[in-house]
Amino acid sequence: MDSIKQAVELARSGDSPAQQEFIGGSKPIAGGHELATVREVRLDAEHLEANRIVAFAGGESGRYYDMLRTQVLQEMDKKNWQFLAITSPTAGCGKTVTACNLAMSIARLPERSALVVDLDLRKPMVANYLGLPRSGGVLSVLDGQTPISSAVIKAGVGPKSLFLLPGSGPTSGSSEWMASQTMTTLLQAIKREFRSHTVIFDLPPMLLGDDVISILPRMDAVLLVTGVGSSSAADIKECQKHLERVPVVRVVVNKVSEKIDTYYGYY
Ligand SMILES: Nc1ncnc2c1ncn2[C@@H]1O[C@H](COP(=O)(O)OP(=O)(O)O)[C@@H](O)[C@H]1O
Ligand SMILES: [Mg+2]
C-alpha cells in the first residue's frame, strides 16, 4: 500500500507535472485449434499513435510501458497470476490507454501473449482507440448472442499480435452484469481458454458505482491509474478502502507532465 500513499501525497501536492455453453464453447480458443477461426485484423499504426497507443513498436515512445510491463509481470509471475484489473478513481485518468499499451508491450515479449477485455461496459473505448470495427463485443457474449470465439479478435501489430475482447456500445446495465453469474461464467471461460495469456481487464472507474467492487474479488491483481489533476487525495484514499483485499501490483500516476505526451511516473 506504500504506492497508494505516495499517489495520495502527489495528488495532495497538486504537482502538475449466458450460459456456459455459449460462453465457453467446447474447445480452447487460444493455443487450441480454434485459434485459426478467430477473426484477425491488422491495426493501423497512425490510428494507434493518434490515440496515444505507442507500445507496439518498442523504442523510446513505449519505454515507460515496457518498464511497467516488466514490473507488473515480475509480480504476477511470482504468484502465477493471470488476471490483471486496470481501474482508476474516476473517469479520464488513462485506464484504457494504459491497458492497451501494457498489453502491446507484453505481447512484444517472446513467449508471452496478452488478451485485453473491455469491461468498462458504460464507456467501452478499446475498440475506438485500436480502430476496431464496432460489432459483437463482450456484451453480446454476456447476453448469449455471440460465442466467445466469434467475439475475440486477433489484432496484428508489427510482427506480433494480441487478443482482444472489445466492447461495442455503452450499456446502462453495467452494475448488474458485473455482479451476474453470467459474468462469473465468462471469466471462468477466459481463464480456461486463455490459460497461457496475461489477461488485462479495462474496468470502469472505482468511484462511479459498484461495478468494480463487484468484480474485484475475481481478479488476481489490480493496477490503479491515477491522473494528476483528475484524482484527488480523497478519491485515492476512498479507492484504497476497496483495495484492501486485492493485491495492488502498481499505482501509475498518469499525466504527470503535459510537456511529454507519453510521460508516466511510477511508484
Ligand atoms: N499520459 C497521458 N498524457 C496525456 N494525456 C493522456 C495520457 N494518458 C491518457 N491521456 C488522454 O486522456 C484521455 C482519457 O484517457 P483514457 O485512457 O480514455 O482514460 P480512462 O479509460 O481512464 O477513462 C484520453 O483522451 C487520452 O488520450
Ligand atoms: Mg476507458
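Numerical summary
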{"item": "One residue from ASN101, ASN128 being under 25 Å from LEU224 (Cα atoms), within 16 Å of ligand 1 (Cβ to nearest atom) and either of a type in the set (D, E, K, R) or buried (at least 23 other Cβ atoms within 10 Å of the Cβ) (or both)", "result": "ASN101"}
{"item": "Any hit, the stretch 246-261, residues being in a helix (DSSP H, G or I), more than 16 Å from ligand 2 (Cβ to nearest atom), modelled with pLDDT under 95 and surrounded by 21 or more Cβ atoms within 10 Å (Cβ to Cβ)", "result": "no"}
{"item": "Boolean, LEU216 is out of contact with any Leu (no Cβ under 6 Å at 6 or more places or on another chain), in a strand (DSSP E or B) and at pLDDT 95 or above", "result": "no"}
{"item": "Given (1) more than 16 Å from ligand 1 (Cβ to nearest atom); (2) over 13 Å from the mean Cα position of the chain (by Cα), index of the condition GLU49 fails", "result": "(1)"}
{"item": "Residues that are of a type in the set (Gly, Ala, Ser) and under 19 Å from LYS241 (Cβ atoms), drawn from the stretch 193-229", "result": "GLY209, SER214, ALA221"}
{"item": "Matching residues, the stretch 205-252, being within 15 Å of THR98 (Cα to Cα) and within 16 Å of ligand 1 (Cβ to nearest atom)", "result": "PRO205, VAL222, LEU223, LEU224, VAL225, THR226, GLY227, VAL228, ARG250, VAL251, VAL252"}
{"item": "Residues satisfying the stated conditions in the stretch 80-93, i.e. touching an Asp or Glu at 6+ places or on another chain (Cβ under 8 Å), assigned to a strand (DSSP E or B) and either within 11 Å of ligand 2 (Cβ to nearest atom) or under 20 Å from LYS255 (Cβ atoms) (or both)", "result": "ILE86"}
{"item": "Filter result (crowded, with 24+ Cβ neighbours inside 10 Å and β-branched (Val, Ile, Thr)) within the stretch 201-214", "result": "VAL212"}
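Table: residues versus (1) surrounded by 17 or more Cβ atoms within 10 Å (Cβ to Cβ); (2) modelled with pLDDT of 95 or more; (3) over 21 Å from the mean Cα position of the chain (by Cα).
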position	(1), (2), (3)
LYS5	no, no, yes
PHE22	yes, no, yes
THR37	no, no, yes
LEU43	yes, yes, no
MET76	yes, yes, no
LYS79	no, yes, no
PHE83	yes, yes, no
ILE86	yes, yes, no
ARG108	yes, yes, no
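The values are calculated or read from the model by the stated rules, or taken from the named source; none is laboratory data. Values in this document were obtained by computation on a predicted structure and should not be read as measured data. Ideal geometry is used to build each Cβ from the backbone, glycine not excepted, and the neighbour counts take in all protein chains shown.
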